[in-house]
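Inspection log for the structure reproduced underneath, given as structure tokens.
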Amino acid sequence: MLRRADALLLWFEGASERDYIGEPVSQLAHALQCAAAARQAHAPEEAVLAALFHDVGHLAGAGLPEMDGLGVVDHEGIGARLLEDAGCSKAMAELVGNHVAAKRYLCFHDAAYRAKLSEASRQTLAFQGGPMSADEAAAFEAHPNFRWILALRSWDERAKDPKA
């Protein structure tokens with residue numbers, strides 16, 4: 001298990017020098033801030049780890065199709081598969097795999113949320129399918145980890161502070 005954990009952490013090598021796609025922090029700072037927010041919320045360990053690794057698909061997907069310079073297309077799916085292949089829990093991979101769906105859900109459900117998105121996040125929304133439809137939102141609400149998926153999205157949005 002330790003060898004698998006080391007392999008996952010290697011994805012963060014050099015991440016302090018990689019910008020977080022149009023945001024004022026590095027990939028590493030974003031990941032650490034997101035995980036710290038999960039810990040502050042007393043989230044379960046799987047949710048804290050999902051917060052740390054939620055954008056690993058951007059790091060692992062180098063060379064794959066991008067969203068006009070704003071990160072890797074389907075980074076959430078790439079990250080979820082990477083975590084599954086590394087032996088992480090299904091729940092952890094599902095949280096990572098659904099954090100973009102949470103953005104789409106919140107944009108459908110809450111106009112104020114959509115208005116507060118950063119410019120980079122607004123631009124990527126179009127690549128990610130735009131706001132959900134009512135049918136998509138209803139299906140998404142039935143997900144067994146719905147609460148933690150939305151929590152991860154909240155931590156993700158807050159994890160962009162250049163002074164943290």
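The values are calculated or read from the model by the stated rules, or taken from the named source; none is laboratory data. Predicted model, so just to flag it, every value in this text is computed and none were measured. Backbone-built Cβ (ideal geometry, glycine too); neighbour counts: all protein chains shown. Protein only, heavy atoms only, side chains kept; ligands, DNA and RNA dropped before computing areas. Shrake-Rupley method; radii C 1.70, N 1.55, O 1.52, S 1.80 Å.
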Could you count how many residues in the stretch 111-129 are touching a Phe, Trp or Tyr at 6+ places or on another chain (Cβ under 9 Å) and free of Cβ contacts under 8 Å to residues at least 40 places away in the same chain?
1
For A60, which of the numbered conditions (1) under 19 Å from E13 (Cα atoms); (2) free of Cβ contacts under 8 Å to residues at least 40 places away in the same chain fails to hold?
(2)
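Among the residues of the stretch 70-110 satisfying the criterion of being over 14 Å from W11 (Cβ atoms) and without any contact (Cβ under 8 Å) to a residue 12 or more places away in the chain, which is most open to solvent (accessible area, probe 1.4 Å)?
Here is the first cut: in the stretch 70-110, the ones over 14 Å from W11 (Cβ atoms) are 70-71, 73-74, 76-77, 84, 87, 89-95, 97-110.
Filter once more, keeping what is without any contact (Cβ under 8 Å) to a residue 12 or more places away in the chain: 84, 90, 110.
Numbers: E84: 99, K90: 143, D110: 58 Å².
Result: K90.
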Of all residues in the stretch 14-55 being out of contact with any helix residue (DSSP H, G or I) (no Cβ under 8 Å at 6 or more places or on another chain) and either modelled with pLDDT under 80 or of a type in the set (G, A, S) (or both), which is surrounded by the fewest Cβ atoms within 10 Å (Cβ to Cβ)?
E17
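Might you check whether a residue that is touching a Gly at 6+ places or on another chain (Cβ under 7 Å), within 20 Å of S26 (Cα to Cα), touching a residue at least 40 places away in the same chain (Cβ under 8 Å) and not hydrophobic (A, V, I, L, M, F, W, C) occurs anywhere in the stretch 141-155? Before you say what the answer is, go through the steps one by one.
Just the residues of the stretch 141-155 that are touching a Gly at 6+ places or on another chain (Cβ under 7 Å), to begin with: none.
Among the residues of the stretch 141-155, not one is touching a Gly at 6+ places or on another chain (Cβ under 7 Å), within 20 Å of S26 (Cα to Cα), touching a residue at least 40 places away in the same chain (Cβ under 8 Å) and not hydrophobic (A, V, I, L, M, F, W, C), which makes the answer no.
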Name the single residue that is surrounded by the most Cβ atoms within 10 Å (Cβ to Cβ) among those in the stretch 117-164 being more than 17 Å from the chain's Cα centre (by Cα), hydrophobic (A, V, I, L, M, F, W, C) and in a helix (DSSP H, G or I).
A137
Working only within the stretch 81-129, note down all residues that are within 20 Å of E66 (Cβ to Cβ) and among the aromatic types (F, W, Y).
F127
